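Q: Let me give you the structure first, and then I'll get to my questions.
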Amino acid sequence: MLQQLINAIVFGSVLTLFSLGLSLAWGTLDVLNLAHGAVFVFAGFITYELTKDSTMSFVPTLIVASLAAGAVTLALELVAFRRIRLHFPARRQAELSMLVVSVGAATVIGEVVSHQTSEAAFSPPASAFSIHRYSLGGSVGITNIQILIVVAAIIVAVALDQGIRRTRYGRAIRALAYDPTTTQLLGVNVGAVAAATMFLAGALAGLAGVMLAIYLGGEEVATGQDYLLTAFAILIVGGVGSIRGAIVSAYLIALAETAVVAYGPSQWRDGVAFLLILVMLLVRPQGLFARRRFQRA
Amino acid sequence: MAIASISSWYAGNETLIQNILIYALLAFSVQVVLRAGVFSLAGIGFYAIGSYTAALLLKKGWPTVPSILAAVLLCILLGYLLALLLVRLRDLYLAMATVAFDLMVGVVATNWTGLTGGPLGVTGIPLVMGTLPIFLTAVGAMLLLGLLQRGVLGRSFEAIREDEPLALTLAIDTSRYRHFAFVISCVLGCLAGAYHALLFGTIEPTDAGFELIVLALSMVIIGGFRSWAGALLGAILLTWLPLELTSVGSWLNLVYGGLMIVLATWLPGGLLDALRALLRLPARLRLLLRSPSSLAATGEERG
Amino acid sequence: MSGTDENDPDTALQVDDLTVRYGQVTAVAGLSLRVPSGSVVAVLGANGAGKTSTMRALAGSIRASIDGRARLFGGSILGLSAHRIAARGMVLVPEGRQVIAPLTVEENLLLGGYRQRSRARLRELMAECHELFPILHERADSPAGLLSGGEQQMLAFGRALMSDPRLILMDEPSMGLAPVMVDRVMEAVEALHRRGASILMVEQNAASALQVATHAYVLDQGRIVCSGTATEVGSDPVVAQTFLGLREQAQAGQAAC
C-alpha cells in the first residue's frame with residue numbers, strides 16, 4: 001500500500017514535469033504540441049548517447065539533454081510556429097497549422113531516434129547513475145532516483161508557479177496569452193517571450209525524459225505517445241494553462257492509474273486517462289481548477 | 001493491345017489500387033470535417049468500429065451487404081451520439097477529445113477479449129470484398145463531397161470555418177452543419193475500416209492507433225484540406241510513394257513529417273494548391289507582362 | 001509645417017507622406033503632420049477617415065503595407081516592431097482601451113512599466129499613477145476586466161504613464177464612454193500633458209478634443225484637409241458645421257482650411 005503510494009507520487013512527479021511544458025505552450029501560445037512526447041523521448045535518447053560509453057556523468061548529461069530538448073522545441077517555434085502566428089491571422093487556421101506542424105515534428109524526431117536505436121528500446125547503462133535503494137521497513141523502499149524525481153518536480157512546479165505569478169516575465173506570458181498585439185504595444189518583445197516559453201516547455205519535457213530513462217532503465221519512441229495522452233488528460237482535468245491545476249491533476253491521475261494497475265483490471269490502465277478526458281470535457285470543459293475567464297472582444 | 005497492357009498493369013497493381021481507395025475514404029473522413037472547421041479525428045476510431053462490426057457479423061454468418069450496412073448504421077448512431085456529446089467543444093479541445101476517443105476504441109478493442117479477440121485481433125475473415133464496390137463507394141464519396149463543396153451548403157461550411165459567430169448571424173444553423181459533417185466523417189471512416197477488414201481478412205486492435213491518425217492527417221494536409229481532390233491526391237501519394245521509394249525505405253516517414261511541417265507553415269492549401277498555382281502561372285505571367293502593377297499591388301503584406 | 005530638420009528639438013514626432021494600404025484599399029493617403037514637443041495635437045475625423053490606421057501604423061502594430069517617413073525625436077520609426085518603438089519612448093493607448101482583462105490592475109500597470117529595469121523608478125511611477133488616478137490604487141487587486149469602461153480608460157492611461165513616455169498616442173480615448181466620463185478622460189489627458197508628455201490624439205468627439213488640444217488636424221478619407229492651432233481649426237466654419245455641429249460659429253468663424 002505504502003509502496004503503491006510512493007510509486008504513484010514518483011509517477012505523478014514525472015507527469016508534472018512532462019505536462020507543465022505542454023500546458024504552458026497551449027495556454028500561452030495556442031500550440032497543442034503533439035511533438036512534446038517525441039521531444040521527451042529525444043532527451044532520453046541523448047542521455048543514452050552521452051552515457052553509453054560512460055563518458056559523461058549524470059549532472060552534465062541531465063543539463064545537456066534538457067537543453068537539447070529545449071533547443072529542438074525552440075527550433076520548431078522559430079521555423080514554423082512564429083511564422084504561422086504572423087501569417088495566419090485567423091486563430092482557427094493558425095491552431096490547425098501549428099497542430100499539423102507538431103504532428104510532423106513528432107514523426108521526424110521519432111523517426112530519427114528509432115533509426116539511431118534500430119527501432120528498439122534503448123537503455124542508458126547502469127553506470128550512468130548508480131541507483132541506491134533505501135528501505136523504509138519491510139518490503140517498502142525508495143530509491144535515490146525516485147527521490148530526485150520528486151524533488152525536481154517540486155522545485156520546478158513551485159518555481160514555475162511563482163515565476164508566472166510574480167515575475168515580470170510571468171506577467172508578460174499571461175498578457176501574451178490574452179492579447180499578443182496589445183502586449184507588444186506595451187514594449188514586450190512578444191517574439192522573444194514566445195521563444196523563451198517554447199524553449200522552457202521543451203526543456204521541461206527533456207528533464208522528465210532524462211529522469212524517466214534512468215528511472216525505468218529504458219525508453220522507446222512509443223513511450224512519448226503514452227505520456228502525451230496521459231498529459232492530455234492532465235491538462236483537461238486541471239484546466240488548460242493553469243499551472244496549479246496541472247500539478248494537482250498530474251498527481252491525481254498518477255494515483256488513479258497506479259490504483260487501477262495495483263488493484264483493478266490493470267490492462268484498463270490506459271483507459272483511465274481517456275475516460276477522464278471524455279468525462280471532463282462533457283461535464284466541466286474548463287477544468288476543475290479554472291478561474292474566471294475573460295473573453296476578448 | 002492497349003487493353004491488354006492496361007489489364008496486365010491492373011493485375012499487377014490491384015492491391016495498390018485497393019489500398020489507395022481505402023485510404024482515400026479515410027482521408028475524406030478527415031477532410032470533410034476539417035473543411036467545415038470541425039477539428040475532428042474521430043473518423044479513425046470509426047475505422048476500427050466499422051472493421052470490427054462488419055468482420056464479426058460476417059464471421060457469424062451474416063451476408064456481406066447486411067454486415068456492411070449494419071456497421072454503417074451503428075456508426076451513424078454512435079457518430080450522432082458522439083456529436084451530441086461533443087457539441088460544446090471547439091478547435092483544439094475537440095481535436096484532443098476525438099483523439100482520445102480513437103485511442104479509447106483501441107483500448108476497448110484490446111481488452112474486450114470476449115467480443116474482439118483481444119490483442120490477437122480477428123483473423124480468418126471471409127474475403128468477400130472486391131475492388132469494384134470500393135471503387136464505387138469512393139466515387140460516391142467524391143460526388144457527395146463535391147456537392148458539399150459547392151452551392152449553399154459549401155458556402156455555409158466555409159462560413160462556419162472562417163467565422164462561426166458571423167455564420168450564426170447569417171442564419172446558418174451552424175450546429176446542424178457541424179453535426180452533419182461529423183456524422184459523414186464517421187460513416188466514411190467506418191466504410192474504410194469495414195472494406196479493409198473484408199478485403200485483407202485480418203484486424204489487429206492496434207490498426208487504428210496513433211500512427212493511423214498521423215497517416216490520415218498527413219494525407220489530408222499534404223494533399224490539401226480544402227477540397228476532396230486534395231485528400232485524394234494525398235491518399236494516392238502516401239500510398240504509392242512508399243512502394244516506389246523503396247530505396248529511401250524507412251526514412252520515408254521522415255520525409256512525410258518534414259513535408260507536413262513545410263506545408264503547414266508555408267502552404268496550408270497543400271500540394272493541390274501548389275499544383276493549381278503552377279497551372280495558373282502562365283496566365284499570371286501574361287497578366288504581369290501586360291500590367292506589372294496589377295499584381296504587385298496584391299498580396300503584399302508586412303509581417 | 002514642413003520642418004523636416006532631423007534633430008529639431010522642438011519636434012516630438014514628424015510624419016511625412018504616410019500611406020497605409022490593405023491590399024488594394026488605401027486607408028491613409030500621404031498624410032503629413034507634426035507634433036511639436038510639449039503639445040497636445042488632436043486629429044479629428046469621422047469613422048473610416050483613417051485615424052486608427054494612422055495610429056497603428058505609427059506604433060508599428062498593423063498588418064498592411066506602409067510607405068512614408070515618421071521621425072520620433074529625430075529617429076526613424078516606420079517599419080520597426082511595436083516593442084522597439086515603445087522602447088524609444090512612444091506609447092499607444094489603443095482604441096477600446098485593451099486592458100489585459102485577466103491580470104489585476106496592478107499587474108497591468110507593472111506590465112506598462114515592462115521596460116523599466118529600476119525597481120525604484122517603477123515605484124516612483126506607480127506612486128505617480130496612483131496620485132493621478134486614485135481609482136487604480138483602490139482597485140489594485142481586482143482583475144482589470146471587472147472595471148467599468150471609464151475606469152479601464154484610466155488604467156490604459158496609467159499603463160501608458162508607467163512606461164515614462166515622451167510621446168503618448170491616444171486612439172479614441174472617449175469612445176463608448178458616458179458624457180460625464182468623457183470630461184474625466186479629457187481632464188486626464190490634460191494631467192498627462194502637464195506632467196510633460198507630448199500627446200497625439202485621434203478623436204471623433206471633436207468638441208471635447210479641441211478643449212484640451214493645442215493643435216488640430218482634420219482627416220478625411222485618408223488625407224489631411226485642414227490644420228492649425230486648436231482655436232483656428234475649431235472656429236473654421238466647415239469644421240464647426242461638419243464635426244462640431246455648431247451653426248453660429250459656422251457663420252461667424254474664419255476659414256482655416
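Q: Quick one: pull the percent of accessible area on segment B:16-292 belonging to carbon and sulfur, 1.4 Å probe, ligands and nucleic acids left out.
A: Whole-percent figure for carbon plus sulfur exposure: 71.
Q: For segment C:121-224, what size does the Cα cloud have along each of its three principal axes, sorted from largest down, in whole Å?
A: In descending order, the Cα extents are 43, 28, 22 Å.
Q: Could I ask something else about it? Take the alpha-carbon centre of segment B:113-182, take the same for segment C:153-199, and report the distance between them in whole Å.
A: Cα centroid to Cα centroid, the span is 54 Å.
Q: Please list A:173-186, C:157-170, C:175-188 highest first by mean number of surrounding beta-carbon atoms within 10 Å per residue. Write down the numbers at each step before the final one.
A: Values: A:173-186: 22.3, C:157-170: 24.6, C:175-188: 16.2.
Top to bottom by mean Cβ count within 10 Å: C:157-170, A:173-186, C:175-188.
Q: Check cross-link reach from residue A:52 to the aspartates and glutamates: straight Cα distance under 19 Å, and skip same-chain residues fewer than eight apart.
A: A:119, A:219, A:220
Q: Could you report the buried accessible area between A and B, both sides summed, computed with a 1.4 Å probe and given in Å² to the nearest 100?
A: Interface between A and B: roughly 4300 Å².
Q: Which cross-chain or sequence-distant (5 or more) residues have an amide H under 5 Å from the amide H of residue C:13, H modelled 1.01 Å from N in plane?
A: Residues meeting the criterion, in which the H sits 1.01 Å from N, are C:35, C:73.
Q: Can you tell me the order of A:103-109, B:233-239 when each peptide is scored by its average per-residue count of other Cβ atoms within 10 angstrom, highest first? Could the numbers behind the result be given before it?
A: Working: A:103-109: 26.0, B:233-239: 22.9.
Put in order of decreasing packing, that is A:103-109, B:233-239.
Q: Ordered by packing density, taken as the mean number of other Cβ atoms within 10 Å over each peptide's residues, highest first, how do A:110-119, A:79-88 rank? Could the numbers behind the result be given before it?
A: On the way: A:110-119: 16.7, A:79-88: 18.8.
Highest-to-lowest ranking by the protection proxy: A:79-88, A:110-119.
Q: Report, as an integer, the average count of C-beta atoms from other chains found within 10 Å of each Cβ along C:158-168. Write down the numbers at each step before the final one.
A: Details: counts 0, 3, 2, 0, 2, 2, 0, 1, 0, 0, 0.
Taking the mean over all residues of the peptide, I get 1.
Q: How would B:178, C:123 line up by accessible area, probe 1.4 Å, largest first?
A: Per-residue accessible area, sorted high to low, gives C:123, B:178.
Q: Which whole-number percentage describes the relative contact order of chain A, with Cα contacts under 8 Å and a sequence gap of 6 or more?
A: The value is 35 percent.
Q: With θ set to phi - 60°, apply the Karplus curve 6.51 cos²θ - 1.76 cosθ + 1.60 along segment A:182-193 and write out the HN-Hα couplings as whole Hz, x wherever there is a Gly or Pro.
A: Residue by residue, segment A:182-193 yields 5, 4, 5, 4, 7, x, 7, 6, 4, x, 5, 5 Hz.
Q: A follow-up question, please. Express as a percent, rounded to the nearest 5, the fraction of DSSP beta bridges in chain C (both residues included) that run antiparallel.
A: Antiparallel bridges: around 55 percent, rounded to the nearest 5.
Q: Something else: Starting at the first residue of segment A:163-180, write each ³J(HN,Hα) from the Karplus equation 6.51 cos²θ - 1.76 cosθ + 1.60 with θ = phi - 60°, in whole Hz, x for Gly and Pro.
A: After applying 6.51 cos²θ - 1.76 cosθ + 1.60, I find x, 5, 6, 10, 8, 4, 5, x, 4, 4, 4, 5, 5, 4, 4, 8, 7, x Hz.
Q: Before anything else, pin down the relative contact order of segment B:16-292: Cα pairs under 8 Å, at least 6 apart, normalised by residue count, whole percent.
A: Over segment B:16-292, the number comes to 33 percent.
Q: Mind running the shape call on segment C:30-156? Use the C-alpha gyration tensor, a ≥ b ≥ c as the square roots of the eigenvalues: rounded below 1.5 for a/c, prolate if a/b tops b/c, oblate otherwise. Kindly include the intermediate steps, with their values, before the conclusion.
A: On the way: a/c = 2.03, a/b = 1.58, b/c = 1.28.
Prolate is the answer for segment C:30-156, as a/c is 1.5 or above and a/b outweighs b/c.
Q: Roughly how crowded by other chains is peptide A:270-279, in terms of the mean Cβ count from those chains within 10 Å of each of its Cβ atoms?
A: Partner Cβ neighbours, averaged per residue: 5.
Q: Pull up all non-local amide H partners of residue A:141: gap of 5 or more, or a different chain, and H-to-H distance under 5 Å with H placed in the peptide plane.
A: A:136
Q: I'd like the Karplus ³J(HN,Hα) series for segment C:147-162: coefficients 6.51, -1.76, 1.60, θ = phi - 60°, whole numbers in Hz, and an x wherever there's a Gly or Pro.
A: 6, 6, x, x, 5, 5, 5, 4, 5, 4, 5, x, 4, 5, 4, 4
Q: Amide H neighbours of residue C:28 under 5 Å, counting only residues 5+ apart in sequence or on other chains, H built in-plane at 1.01 Å?
A: C:20
Q: Moving on. With every protein chain kept in place and ligands, DNA and RNA left out, what is the accessible area per residue of the protein assembly as shown? Probe 1.4 Å, answer in Å².
A: 42 Å²
Q: Can I ask one more? Give me a single rounded figure for B:92-102: the average over its residues of other chain Cβ atoms within 10 Å of their Cβ.
A: Across the residues of B:92-102, the mean count of other-chain Cβ atoms within 10 Å is 6.
Q: Right, something else. Suppose a student asked you for the relative contact order of segment B:161-274, using Cα pairs under 8 Å spaced at least 6 residues apart; what percent would you report?
A: 22 percent
Q: Okay, helix-only estimate at 222 nm for the protein assembly as shown: each DSSP H run of n ≥ 4 adds -39500 (n - 2.57), divide by all residues, round to 500 deg cm²/dmol; what do you get?
A: The helix-only estimate for the protein assembly as shown comes to -20500 deg cm²/dmol at 222 nm.
Q: Based on alpha-carbon atoms only, what is the radius of gyration of the protein assembly as shown relative to the globular estimate 2.2 N^0.38 Å?
A: 1.08
The values are calculated or read from the model by the stated rules, or taken from the named source; none is laboratory data. Given the structure is predicted, the values throughout are model-derived calculations rather than measurements. Here the Cβ is made from the backbone with ideal geometry for all residues, glycine too, and neighbour counts use every protein chain on show. We work out accessible area using only protein heavy atoms, side chains counted, and drop any ligands, DNA or RNA first. Shrake-Rupley method; radii C 1.70, N 1.55, O 1.52, S 1.80 Å.
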